[in-house]
1. Please compute the modelled spin-label separation between ASN83 and LEU120, points set 7 Å along Cα→Cβ, answer in nm with one decimal.
2. Could you order the peptides 188-198, 148-158, 91-101 from most to least packed, using the average number of other C-beta atoms within 10 Å per residue?
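We did not get these values from a lab; they are worked out from the coordinates using the rules stated. Here the structure is a predicted model, which means the values were calculated and not measured. Note that we place each Cβ from the backbone using ideal geometry, even for glycine, and neighbour counts take in every protein chain shown.
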Amino acid sequence: MRRSGYAFPTDVMQKRKTIVAVYSMFSSLMQAPSYSTHREIAAGKAAQVWEDLFPGTGPRPTIPESWHAAAIPPYDEWRRIYNDVMSPATPLLVPVESIYKVWTTDPSCEMPFARETGLLQGDSAQHLYQIYREIGFELPTAYADRPDHLVLELEFMGLLVEADNPASQQLFLSQHLDWLPQLIADAQRKEAHPLYLDLFGWIEAFLSLERGRVERLGE
């Protein structure tokens, strides 16, 4: 994706609303497909939400072809693809931050697996448990043991944007949404279906733009 031409509407409230909608869309697309989500994507909703970020007719980052309305597979096929890639029972990939970082960086921890990757409930999970408790963010049952799942991190980042706290946004992007390149590399190595490989890349491209936006806010 190209970064040139990235711009937001001048209206600040509309800008935040649009960014939140993109985070919500990506969080939804990372979950098991539903009939309603399929209908919306097949009707071009993803394209509309994405294009709302870029006013005018200038250059803009493009949506992956696999996520164009005309390319979305039928619902049953999309569900099968999701199950092949991220089924809770036998996932090819587990899009959880703890999996892609060392279990803990605490130098006092003497557990034999402390510096290993591929484990749940690591430092990132414990940190997010604490944050969620402090603000009353209730974990859905499906993610009760993985608070650092990408679905929740994207949703939470949307809440931070909505709250209009650039410092918190920058911190969360740097501390908790910095592991997508490892997920993408893992998906490539395991030859994950292009639909989700493209989705991971699309999300990371958006996060790259978001890092630039938040940095500019702090200038």
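1. Taking the two extended label points, one gets 2.0 nm.
2. Details: 188-198: 15.7, 148-158: 22.8, 91-101: 21.1.
With the highest mean Cβ count within 10 Å placed first, the list reads 148-158, 91-101, 188-198.
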